Amino acid sequence: MTYAHERPFAPLHDRIPYLPVVDRDPVTWPGGARVAVWVVPNVEYYEYVPPQARVDPYPRVPAPDVRLYSYRDYGNRVAFWRMLEVLDRYDVPCTASLNVGVLDLFPEIADAMAERSWDLMSHGLYNTRYLTGMGREEERELLELCNRTLERHTGRRFSGMLGPNITGNWHTPDLMAEVGMDYHADWVHDELPSPLLVANGRRMVALPYTYELNDAPLLMRSHVEGEGYARRCIAQFDRLYRESLERPGAGRLMCLVVHPFTIGQPHRIGHFARVLEHMRGHDGVYFATATQIVAHYLEHHYARDLAASTGGERATGE
């Protein structure tokens, strides 16, 4: 599948044709906001003994890995509720990256998200069921299973996805479009949304998640302490806010990712609160859900960015 014009050195993919940020037209946010912030709590379930698969989710020891399982289970039993209190305190609209099996397994968590009208982004069935290596039909059935589960609980279907444990295949964006999704969060190539090209011509958006400020790898694997986490988040926000002033009318996008089992630990939760307090202390910040950001981008900026990145060779599609 090739969308762009012929080149001497063909790209490895044409999902997101190259468009440097310095050449992009300004992206404006509602109310003239300088920075759009979407906050993503990962609401996940890790199986005690996952089925054998192409990728082992518990490589440390053969399952059951009680150490890793119980650490993550702490998130749903304790830390989710501590995190929730902070999010409520600062009145933050959230987009849950949701292992949809949580809705059946933990109705109390499902009710808490529904009461707050959280946006729900697919994160697969469980975080121990990777997409990696799945054939098209097997993966399509998984995407539809996730949609059916969400429909059973909410009457809605997923409009976007972050791959379970951020996994996927070459055909994943095409399948997402076929089941009616509008955005894919795995791509962290930019600091703004971008057109993501798919086979059926449907309008699809790459909505950048974050690995740099992802609390789980920072706090668990890089051994950054809570103070260091807060300092990094605040530094990124301050820089984006300043850059939006240097180029009038040019909004920026920031993703703030948290995992209850990580950020909801007693010694860390205060640092998360400090980050939200800092952001709430600034004017011109658009706290929004993924659905709101993507809808705004599709209406106001998608067609222009698509034409600029493809040389006008591709129709906008619907």
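The values are calculated or read from the model by the stated rules, or taken from the named source; none is laboratory data. Nothing here was measured: the structure is a model prediction, and the numbers come from that model. All Cβ positions, even for glycine, are placed from backbone atoms using ideal geometry, and neighbour counts span all protein chains on display.
Scanning the range 119-133 for residues that are in contact (Cβ under 8 Å) with a residue 40 or more places away in the chain and not small (Gly, Ala, Ser) turns up Asp119, Met121, His123, Tyr126, Asn127, Thr128, Arg129, Tyr130, Leu131, Thr132.
Evaluate the following for Leu245: is it modelled with pLDDT under 95, assigned to a helix (DSSP H, G or I) and more than 24 Å from Asp182 (Cβ to Cβ)? Please lay out each step first, then the result.
Details: modelled with pLDDT under 95: yes; assigned to a helix (DSSP H, G or I): yes; more than 24 Å from Asp182 (Cβ to Cβ): yes.
It is true that Leu245 is modelled with pLDDT under 95, assigned to a helix (DSSP H, G or I) and more than 24 Å from Asp182 (Cβ to Cβ).
Of all the listed residues (Met113, Met121, Met83), the sole one being out of contact with any Lys or Arg (no Cβ under 9 Å at 6 or more places or on another chain), among the hydrophobic types (A, V, I, L, M, F, W, C) and in a strand (DSSP E or B) is Met121.
Within the range 283-310, residues that are free of Cβ contacts under 8 Å to residues at least 60 places away in the same chain sit with their Cβ atoms under 6 Å from residues that are of a type outside the set (Lys, Arg) and outside any helix (DSSP H, G or I), at 6+ positions apart or across chains, in these pairs: Ala303/Thr316.
Give Arg67, Arg34 a once-over and let me know the one that is of a type in the set (D, E, K, R) and free of Cβ contacts under 8 Å to residues at least 12 places away in the same chain. Full working, then the answer.
Working: Arg34 fails: free of Cβ contacts under 8 Å to residues at least 12 places away in the same chain.
None of the other options fit; the residue is Arg67.
For the range 203-235, a tally of residues being at pLDDT 95 or above, in contact with a strand residue (DSSP E or B) (Cβ under 9 Å, 6 or more places away or on another chain), surrounded by fewer than 20 Cβ atoms within 10 Å (Cβ to Cβ) and assigned to a helix (DSSP H, G or I) returns 0. Residues that are basic (Lys, Arg) and either loosely packed, with under 10 Cβ neighbours inside 10 Å or out of contact with any strand residue (DSSP E or B) (no Cβ under 9 Å at 6 or more places or on another chain) (or both) were ranked within the range 25-63; the one that is modelled with the lowest pLDDT is Arg54. Would it be correct to say that Leu245 is of a type in the set (A, V, I, L, M) and more than 22 Å from the chain's Cα centre (by Cα)? Against the criterion (of a type in the set (A, V, I, L, M) and more than 22 Å from the chain's Cα centre (by Cα)), Leu245 qualifies.
All conditions in (1) closer than 14 Å to Val27 by Cβ; (2) at pLDDT 95 or above hold for Val285, with the sole exception of (1).
Please pick out the residue among Asp238, Asp186 that is in a loop (DSSP other than H, G, I, E, B), among the acidic types (Asp, Glu) and either over 18 Å from the mean Cα position of the chain (by Cα) or closer than 30 Å to Ala308 by Cα (or both).
Values: Asp238 fails: in a loop (DSSP other than H, G, I, E, B).
Going through Asp238, Asp186 in turn, just one is in a loop (DSSP other than H, G, I, E, B), among the acidic types (Asp, Glu) and either over 18 Å from the mean Cα position of the chain (by Cα) or closer than 30 Å to Ala308 by Cα (or both): Asp186.
For His296, state whether it is touching a helix residue (DSSP H, G or I) at 6+ places or on another chain (Cβ under 6 Å) and part of a helix (DSSP H, G or I). Against the criterion (touching a helix residue (DSSP H, G or I) at 6+ places or on another chain (Cβ under 6 Å) and part of a helix (DSSP H, G or I)), His296 does not qualify.
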